[in-house]
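A quick write-up on the structure given underneath.
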Amino acid sequence: MIEQAQHIYEQLVAWRREFHAYPELGFRETRTAARVAEILTGLGYRVRSGVGRTGVVAERGEGHPIIAVRADMDALPIQEANDVPYASQVPGVMHACGHDAHTAIALGVAKLLADDSFPGTIRLLFQPAEEIADEEGLSGAPRMIQDGAMEGVDAVLSLHVAPQVRTGDVVLEAGPASAGVDTFYATILGRGGHGAYPHRAVDPIYIAGYVILALHSTVSRRLDPTVPAVVSIGSIHGGQADNVIPDRVELTGTIRYMKPEVQGQIHAEIERALQIARALGGDYDLRLEIGYPPMVNDAQIIDLLQKVTIDLLGEGHIQPPHPGMGAEDFGYFSALAPGAMLDLGCRIEGDDRFAHNPRFDIDERCLPVGAAILAEAALRLLRGEK
Ligand SMILES: [Zn+2]
Ligand SMILES: [Zn+2]
């Protein structure tokens, strides 16, 4: 399989560079989706477009098992700083998270499996909007699921490029591998007045000081220290003039957690922190927006990916996981069927190219490695080999 994948290296690079040059933001991936559909149709797949708004689902084969491979297609609102022939042609939009590579790799999987015969069905999920949610707070994965993308799926595979990992290596992690994320929007309500007469006002800035302290103490003082969690305040806005006490202060922040029970606990603690506003004579509003669930990698599928990686690449290419509290909406898919996402090393040696940065780029030699591992793992799952 790795030889077959190396054989289509030029094709993988061409696809990736084409998607890179024409990036599209979440739920606007019309050009990308049309290209994906065209290529898959050409490969003989049954293609359904407009799934989850701008997603594409493609199938080959019949009946069970149904093995899904998922790629995300959206870009970010970043102006590319790289001077390369395939640089973004769209001002202010860039594939700075590698979803161009993910799309090319999944097309590679389609091509590698296009002539194979196997029991069951291979289903490719090209999802929109991994990076953002729509006006109803839903990103591409839940939108695809609403449109039936996961119906009957027996296992689901995916990958994400990892610019901190050596090209040719992968990272595999069983269990919770990325955090659940929620957002809070809080308003501290006081009563405005003259800065020289604070006793006649209820100062929401003074109250915010105590609330911020309590919010920042949630993780260190209220949660089990052995269980990972984050509460970060990302914005604070209040007041306009040096001598005017405003009537409100607005705070927003992000919540990260690995275990569902911790999610509820953090929500309760944030509510308690804001109740300080009442104790100090003010009031508050709090809105919690539920985001991506934690992504949990199935242990058996991670085992399979490990065997496949060793069979294809030999020993010494599996790096230990480095835990973090990033979020990934693949967790919606892997909540519905055993699934796993692997991190695919794509580091350009001697040059840090971090994700979500205007200089992000990858070593394209990772493309056939990713395509081969996903195609081989899918094939073994279809054949019921472990
Ligand atoms: Zn990203
Ligand atoms: Zn990403």
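Key figures for this structure:
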read-out: Helix runs (DSSP H) in the chain reaching 15 Å along axis by Cα, Kyte-Doolittle at least 1.6; value: 366-382
read-out: Equivalent ellipsoid semi-axes, the chain, via Cα gyration tensor eigenvalues times 5, rooted, Å; value: 44, 22, 19
read-out: Cysteines in the chain lacking a second Cys C-beta under 4.7 Å; value: C97
read-out: Neighbourhood net charge (9 Å Cβ-Cβ; Lys/Arg +1, Asp/Glu -1) for I188; value: -2
read-out: For segment 234-377, convex hull of alpha carbons as volume per residue, Å³; value: 171
read-out: Positive dipole terminus of segment 144-277, leading residue within T254, P176, S217 (C-beta point charges); value: S217
read-out: For segment 1-160, alpha-carbon Rg over 2.2 N^0.38 Å; value: 1.01
read-out: Cα principal axis extents for segment 149-238, largest first, Å; value: 65, 32, 28
read-out: Per residue solvent-accessible surface (Å²) - the chain, probe of 1.4 Å; value: 43
read-out: Bins of 10 Å, starting at 0 and running to the largest distance - Cα pair percent for segment 180-290; value: 15, 45, 26, 11, 3
read-out: Carbon and sulfur %, accessible surface of the chain computed with the full protein complex present, 1.4 Å; value: 50
read-out: 222 nm mean residue ellipticity, helices alone, for the chain (DSSP H n ≥ 4; -39,500 (n - 2.57); rounded to 500); value: -10000 deg cm²/dmol
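The values are calculated or read from the model by the stated rules, or taken from the named source; none is laboratory data. Just so it is clear, the model here is predicted, and its values are computed rather than measured. So basically every Cβ, Gly included, is an ideal-geometry build from the backbone, and we count neighbours across all protein chains shown. Side chains are part of the model used for accessible areas, which takes the heavy atoms of the whole protein and leaves out ligands, DNA and RNA. Shrake-Rupley method; radii C 1.70, N 1.55, O 1.52, S 1.80 Å.
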